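Comments concern the structure below.
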Amino acid sequence: MSRTLQEIQDLIQEKQIRIVDFKLTDIDGRWRHLSIPAERLTESTMTNGIGFDGSNYGYAPVENSDMVFVPVLDSAVVDTYAEVPTLSMIGDVKIIDLPENRPFDQYPRNVAIRALEYMKEQGIADQMLIGPEYEFYLFDNVSFDISPGNVSSFIETRQAPWAGGLESNNNGYQIPHGKGYHAALPLDIRNDLRSQMCLAMDDWGINVKYHHHEVGGCGQMEIEVELGDMLKLADDTMNAKYVIKNEAKRSGCTATFMPKPLAGEAGSGMHVHMLLLRDGKPVFYDPNNYGQLSDTALYFIGGLLTHARSLCAITNPSTNSYKRLVPGFEAPVTIGYAMANRSAVVRIPAYAKTPETKRFELRNPDATCNPYYAYSAILMAGLDGIQKKIDPHKAGWGPYDFNLYDLPEEEKAKLSGLPKSLPEAVDALIADHDYLTAGNVFPQRLLDQLVEKIQADAEAVLQIPHPAEFAMYYDL
C-alpha cells in the first residue's frame, strides 16, 4: 500500500481531523511529537518537511542540528487517545542541506532502512521478516521516588498473592506465584483489556497473532504479532507500546515493559523471531540439516552468538535488563542454540516445520531497547555470520538439547554467558562493533554516543542507595 497525499487529505475530511501529529523517535526509543493544524499538511510538507531542532533528541552532535521531519503517509492512523480529532504519522528525519536534504544517519528509522539496503547489496536476501513477542506487566498503581531522603517503589496489583489479605476487599481470585501462564477467567482479570488492546492494535495496522496471561501471576501479559517486514515491525513496535500503554491508562491501570519490575517474579522479554527471504522464497529451510535449518540460517545463528555479548548493549540497554537475565526464570543466560529449548539464547521452535515458517528466535532482547537499532543490530550480526560462514556447532555453541539450568556447576562454568550487567555489555560493544559499522549502517559517532549514554545511566544507578542495602548493612 502506498497512500498519496490526496488520499490522506480525503481521510482528514472524512474523519473531520483537526490536528496532524508527527511522532519522532529519540535515541532511547521514546516517542516525541509535534503537531500541526490539519490544513497545513500540503505538498510542501512532503517536499520540504517540518523543521525542528534535533539537538535535544540525544544523538551525537552534527554540523547542523536543524533538521526536518518528513511524514510517511502509509503510517497515517487516527489517534483515538487524543481528545481533539487527530491523525498520527511517523516518518523520517533529514538534515537540511544543499542542493537537497539528506537522511540523518543516526536517526533510528534511517539506520533500519540502511541495514536492509546493506542486506540487499550483499545478495544474501531482499527481505527480513521478524515477529516480536511483547511481554509486559499490568498494575493497578505504581509510585516511585529517588529523592535524597526516600528511595522507594510501591506497586499495587490485585492479582498478586500478597493482595489476598483480609483488608484488601478482594474476591479471593489471586494467581499463585509463577502460575500465571495461560490462566483462565476469573483469575485472568485483564483478559478483556488485552482483547481491547489487540483490537486497537489492529486499528493501527498491527497484525496480532494471539494474546494470553504470562507466567508472572502479579499481572504479566503477552501479545504476540504475526511475522512481517522488519521496518514495518519496528514501526509497529513503537505503535504497539503506545497503544498498550494508552489502553491501560484508559482502563484505569498502568502498563510497563520494564524487564524486571518485581523481585522474584518472571521478567518480561521481547523474543524476536526471524527469517530471510530472497525473491519471495525463504532461505532458512533445509529438511536435511539440524532443525531443518539451511547452512545460511545456521551461519546467521553463528553471527548472533558470536556477537551476542555486544548485541546486549543494544537489545538490552537498561540496568534493569540484567535483573531479568538470571537463571531460574526461563530467561536465557547461556550463549548457545537448540531446538525448543528456552534456556538457550537462540531457540528453534519445533512447531515451525514448513519452508515458509522455518525460523528461530533470539530470546534475550527486551522492550527497553530502541526497536530500530535492536532489529538492525540483530540483522547485522546475522549477516556477519553468513559472510564469514560461522558454524555455531563448530564454534562450540551447541546444539544444547537439554535444560542448561540443570547442568552441574562445573559444566556451567565451561559455557559462555551473556553479560551480567550493563557495564559489562557496553564493554563488549566497545570491543566488538565492526559488524555494526559495516556498510555505514551504524555510524561510529552514534555508537560512541550510545556508549557514553549507557555508561552514564549505569553510573547514575550505581550511585543511588538501594533499599536492600539498608536491610543488609544499616546496623553494621
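Each value in this text was obtained by applying a stated rule to the coordinates, not by laboratory testing. No experiment lies behind these values; they were computed from the predicted model shown. Using ideal geometry, Cβ is built from the backbone for each residue, glycine included, and neighbour counts are taken over all protein chains shown.
Remark on H212: its backbone amide H falls under 5 Å from those of E222, a criterion applied only to residues 5 or more positions apart or on other chains, H modelled at 1.01 Å from N. Here K120 is the anchor, and the lysines within straight C-alpha reach of less than 27 Å, apart from those fewer than 8 places off in the same chain, are K94, K232, K281, K353, K358, K388, K389. Take 288-300, 177-189, 309-321, 437-449 and order them by the average number of nearby Cβ atoms within 10 Å per residue, most first; the result is 309-321, 288-300, 437-449, 177-189. One way to sum up the overall shape of region 419-476 is the equivalent ellipsoid from its Cα gyration tensor, whose semi-axes run 34, 11, 6 Å, largest first.
The aspartates and glutamates whose alpha-carbon is closer than 20 Å to the alpha-carbon of K420, local same-chain residues fewer than 8 away aside, are E265, E330, D366, D406, E409, E410, E411, D432, E452, D457, E459, E469. Multiplying the residue separation of I36 and K15 by 0.36 nm and subtracting their alpha-carbon distance yields 5.9 nm.
Just in region 335-390: which trypsin sites (Lys or Arg not before Pro) are loop by DSSP and have at most 13 other Cβ atoms within 10 Å? Let's see the in-between values first.
Values: sites: R342, R347, K353, K358, R359, R363, K388, K389; in loops: R342, K353, K358, R359, R363, K389.
Those that pass, being in a loop and sparsely packed, are K353, K389.
Sorted largest first, the principal axis extents computed over the alpha-carbon atoms of the chain equal 64, 59, 48 Å.
Using alpha-carbon pairs under 8 Å, 6+ residues apart, how would you state the relative contact order of the chain in percent? Write down the numbers at each step before the final one.
Working: 924 pairs, mean separation 67.8, N = 476.
Relative contact order here is 14 percent.
Ignoring aspartates and glutamates fewer than eight residues from K15 along the same chain, the ones with Cα atoms less than 16 angstrom from its Cα are E7, E39, D79, E83, D203. Under the combined filter of DSSP loop state and at most 16 neighbouring Cβ atoms within 10 Å, region 70-164 retains these chymotrypsin sites (Phe, Trp or Tyr not before Pro): Y81. Residue-normalised convex hull volume from the C-alpha trace of region 5-104: 96 Å³ per residue. What FRET efficiency, computed as 1/(1 + (r/R0)^6) with R0 = 41 Å and r the Cβ-Cβ distance, is obtained for K120 and M46, rounded to the nearest 0.05? Between K120 and M46 the formula returns 0.95.
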